[in-house]
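Data block below; observations after.
The values are calculated or read from the model by the stated rules, or taken from the named source; none is laboratory data. Not measured: the values here are computed from a predicted model. For neighbour counting, all protein chains shown are included, and Cβ atoms are generated from backbone atoms with ideal geometry for every residue, glycine included.
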Amino acid sequence: MMTKFLSRNRHTVQRLGFIAITLMAIFTVLPIVGTIVFILVKGGSAISWEFLSGFPSEGMRAGGILPAIIGTLYLTLGTAFFSVPLGIAAAIYLAEYAKDNRLTRLIRLAIINLAGIPSVVYGLFGLGLFVLFLQFGTSILAASLTLSIMTLPVIISTSEEALRAVPQAFRTVSISLGATRWQTISRIILKEALPGILTGVILGLERAAGETAPILFTGAAFFLPRLPHSPFDATMALPYHLFVISTQVPEMPIQIQYGTALVLLVFVLTMNVIATVIRSRARARRQW
Amino acid sequence: MEKSLSWREFIITRLIQTSGYSAILFVALIFFFLLREGLPALGEVDMFSLLNIRWYPIENHFGILPLITGSLIVTLGAALIAVPFGIGTAVYISEIAPRWMREILKPFVELLGGLPSVVLGFLGILVLAPFLRVFLNLPTGLTALAGSLLLGGIAVPTVVSVAEDALDSVPRAYREGAWALGATKWQTIWRVTLPAAKSGVLTAVMLGVGRAIGETMTVMMVTGNAPVLAVKLGSLFSPVRTMTATIAAEMGEVANGSTHYHVLFFIGMVLFIISLVVNVIASSVVFRAKKRAERILS
């Protein structure tokens with residue numbers, strides 16, 4: 001009976017179904033656009049040179065957010081310093097060297113698990129290992145190390161994918177011309193895979209830049225009247241600062257909150273757009 | 001020259017190999033440090049009071065049951081949103097949307113995955129919670145429901161990208177076969193493509209749920225943080241507190257090495273084990289499905 005109904009009206013059913021699915025996609029995308037536009041509009045009026053280049057004053061209720069911007073920059077660079085070389089090397093291992101055996105499967109499982117561990121658990125781990133056990137204290141160093149382990153799975157899996165996309169012929173030809181394996185990788189394969197790797201690296205760092213939970217107890221400072229001097233200093237950071245001023249500071253001017261959210265969003269979105277552009281340009285130019 | 005080249009080659013190969021193994025080392029290290037700081041909790045608080053319904057650390061009540069139910073109810077709500085919308089969007093992108101639409105939609109969904117959770121929490125406090133309070137006539141908008149709605153949004157990109165991959169990898173011949181038999185596109189999606197991608201879609205759901213249960217900042221900001229036992233459906237409309245939020249909110253204020261500190265690490269350990277289980281199952285589902293596909297194709 002149902003089947004009969006379905007088959008008789010199957011084109012109506014299809015039309016209704018397509019409309020429903022399309023609506024779902026729209027409802028998924030619309031809030032994203034809405035969120036971004038809303039913050040751009042609301043925060044735009046808070047942005048001024050003083051806001052971007054000044055220090056917070058009057059218990060953060062006035063002044064600028066420079067130390068938070070610089071802090072997030074430091075943390076992102078610190079994260080890149082550790083996670084980029086390690087992540088790319090691990091990807092090279094998986095794509096070029098690893099055999100399909102038990103150990104390799106274990107590595108893959110470990111990467112999947114690293115990707116799934118809650119960010120706050122990374123924070124606990126960083127506190128236990130870097131802050132307390134290795135005695136780095138709450139510092140840029142400890143926070144960067146914590147963030148880099150969190151970023152690692154993103155960098156590894158996207159880089160590996162980029163390396164694997166390079167056709168096998170490139171390797172065969174290079175080896176047959178007398179190049180060693182490493183020469184082949186460093187001069188041919190990495191060059192070809194670079195845009196893909198870059199995309200992965202930026203997307204990973206984007207996530208690190210926006211994270212709050214992993215730096216809560218490893219390096220974030222509530223308020224710092226100066227810029228950090230060394231990797232062993234704690235630092236303010238944009239996401240943590242937004243958390244602080246939107247929940248911990250009473251009578252916080254709403255303008256500064258939206259302004260801070262806007263700066264954080266622009267920081268993250270810029271990275272995202274750069275990654276997307278690199279990827280699509282590389283795809284368009286690719287000759288294999 | 002020959003000699004130095006082979007030495008360099010050797011060292012670089014070893015370095016690369018070590019980097020490859022590092023992921024295993026990190027998972028082991030994380031687990032080790034969680035155990036090291038979390039297990040003492042079992043010695044200091046007995047199992048019975050740990051499974052109590054009262055979380056009030058100042059008076060040494062460390063019952064983590066309300067935190068677990070808090071996490072569960074928020075995650076359940078998030079799944080109810082993320083699963084249909086995630087799969088629906090994935091179907092749209094992979095099966096229905098024209099090519100140009102696909103090129104626009106995919107980066108946007110990725111963008112949602114990249115939005116800092118603290119920004120969503122911020123908007124939750126300023127926009128969503130006041131709206132829910134007025135709209136549903138609640139005493140406060142900072143409820144499990146607000147957390148679920150935002151977490152659903154955070155889990156959607158994960159579900160979409162994994163489910164879309166799964167749908168994409170269904171061989172085109174399956175669809176063409178169905179069309180040739182006279183099925184409409186819609187029937188093909190429901191009876192051929194989705195069932196063929198079942199395991200991948202299941203993985204997408206699990207990873208999405210895993211993402212939701214581990215999310216911290218958003219839930220800490222919008223769920224009201226009241227550690228009460230959430231067992232009724234009505235709890236969705238009242239403040240709750242999740243495991244992640246408890247760690248994030250309290251770890252900054254405890255003395256290192258105190259009972260409270262150890263219990264917070266213990267909760268971290270529970271979260272770690274949950275994510276481990278979810279990910280191992282999710283990846284073994286994919287693995288098995290791949291094997292089966294290979295068997296069929298060979």
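Odds and ends about this structure:
- Among the residues making up segment B:196-241, those that are more than 16 Å from B:PRO157 (Cβ to Cβ), among the aliphatic types (A, V, I, L, M) and surrounded by fewer than 24 Cβ atoms within 10 Å (Cβ to Cβ) are B:ALA196, B:LEU202, B:ALA226, B:VAL228, B:LEU229, B:VAL231, B:LEU233, B:LEU236.
- Reported count of residues in segment B:210-246, each being over 23 Å from B:PHE122 (Cβ atoms) and under 21 Å from the mean Cα position of the chain (by Cα), is 2.
- Residue within segment B:3-19 that is modelled with pLDDT of 90 or more and closer than 26 Å to A:PRO118 by Cβ present: yes
- Selection from segment A:27-41 of residues that are surrounded by 19 or more Cβ atoms within 10 Å (Cβ to Cβ) and within 14 Å of A:GLN257 (Cβ to Cβ): A:ILE39
Residue-wise test of (1) surrounded by 23 or more Cβ atoms within 10 Å (Cβ to Cβ); (2) more than 21 Å from B:ILE16 (Cβ to Cβ); (3) within 11 Å of chain B (Cβ to nearest Cβ).
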{"position": "A:ARG108", "(1), (2), (3)": "no, no, yes"}
{"position": "A:ASN113", "(1), (2), (3)": "yes, yes, yes"}
{"position": "A:VAL121", "(1), (2), (3)": "yes, yes, yes"}
{"position": "A:ALA142", "(1), (2), (3)": "yes, yes, no"}
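- Among residues of segment B:251-279, those that are within 7 Å of another protein chain (Cβ to nearest Cβ) and among the hydrophobic types (A, V, I, L, M, F, W, C), counted: 6
- Test: A:ARG105 is within 26 Å of the chain's Cα centre (by Cα) and touching a residue at least 60 places away in the same chain (Cβ under 8 Å): no
- Within the set B:MET251, B:MET206, B:MET220, the sole residue that is closer than 29 Å to A:ILE111 by Cα, without any contact (Cβ under 8 Å) to a residue 24 or more places away in the chain and either in a strand (DSSP E or B) or not basic (Lys, Arg) (or both) turns out to be B:MET251.
- Subset of segment A:227-253 that is at pLDDT 90 or above and not hydrophobic (A, V, I, L, M, F, W, C) - its residue that is nearest to B:VAL119 (Cα to Cα): A:PRO239
- Residue in segment B:155-165 that is modelled with pLDDT under 90, assigned to a helix (DSSP H, G or I) and over 16 Å from the mean Cα position of the chain (by Cα) present: yes
- Any hit, segment A:247-256, residues being under 16 Å from A:LEU52 (Cα atoms), in contact (Cβ under 8 Å) with a residue 40 or more places away in the chain and part of a helix (DSSP H, G or I): yes
- B:THR75 at pLDDT 90 or above and at the interface with chain A (Cβ under 7 Å from one of its Cβ atoms): no
- Pair list, Cβ under 6 Å, 6 or more apart: segment B:101-115 residue free of Cβ contacts under 8 Å to residues at least 12 places away in the same chain and at the interface with chain A (Cβ under 7 Å from one of its Cβ atoms), other residue acidic (Asp, Glu) and surrounded by 14 or more Cβ atoms within 10 Å (Cβ to Cβ): B:GLY114/A:GLU206
- Looking across A:ILE197, A:ILE245, one residue alone is among the β-branched types (Val, Ile, Thr) and either under 30 Å from A:VAL166 (Cα atoms) or surrounded by fewer than 18 Cβ atoms within 10 Å (Cβ to Cβ) (or both). It is A:ILE197.
- Among the candidates B:VAL280, B:VAL263, B:VAL285, the residue that is more than 18 Å from B:ALA79 (Cα to Cα) and over 19 Å from the mean Cα position of the chain (by Cα) is uniquely B:VAL263.
- All positions within segment A:108-137 that are within 22 Å of the chain's Cα centre (by Cα) and outside any helix (DSSP H, G or I): A:ILE117, A:PRO118
- Matching residues, segment B:43-99, being under 30 Å from B:LYS198 (Cα atoms) and of a type in the set (S, T, N, Q): B:THR69, B:SER71, B:THR75, B:THR89, B:SER94
- Taking helices (runs of 4 or more DSSP H) as the structural unit, no element lying wholly within segment A:152-223 holds at least 3 residues that are in contact (Cβ under 8 Å) with a residue 60 or more places away in the chain and touching a strand residue (DSSP E or B) at 6+ places or on another chain (Cβ under 9 Å).
- If you go through segment A:35-66 and keep only what is in contact (Cβ under 8 Å) with a residue 40 or more places away in the chain and in a loop (DSSP other than H, G, I, E, B), you end up with A:SER45, A:ALA46, A:ILE47, A:PHE55, A:GLY59, A:MET60, A:ARG61, A:ILE65.
- Within the option set A:GLY210, A:GLY196, being of a type in the set (Gly, Ala, Ser) and away from chain B (no Cβ under 11 Å) holds for one residue only, A:GLY196.
- Residues (touching a Gly at 6+ places or on another chain (Cβ under 6 Å) and at pLDDT 80 or above) located in segment B:210-240: B:GLY210, B:MET217, B:THR218, B:VAL219, B:MET221, B:VAL222, B:THR223, B:PRO239, B:VAL240
- Top-ranked residue of segment B:183-197 - restricted to ones that are touching a residue at least 12 places away in the same chain (Cβ under 8 Å) and more than 13 Å from chain A (Cβ to nearest Cβ), ranked as nearest to A:GLY210 (Cα to Cα): B:ALA197
Conditions tested, residue by residue: (1) more than 30 Å from the chain's Cα centre (by Cα); (2) over 28 Å from A:SER148 (Cβ atoms); (3) buried (at least 22 other Cβ atoms within 10 Å of the Cβ); (4) in contact (Cβ under 8 Å) with a residue 24 or more places away in the chain.
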residue	(1), (2), (3), (4)
B:GLU9	yes, no, no, no
B:ILE12	yes, no, no, no
B:LEU15	yes, no, no, no
B:ILE30	no, no, yes, yes
B:PHE33	no, no, yes, no
B:ALA41	no, yes, no, yes
B:ILE58	yes, yes, no, no
B:LEU65	no, yes, no, yes
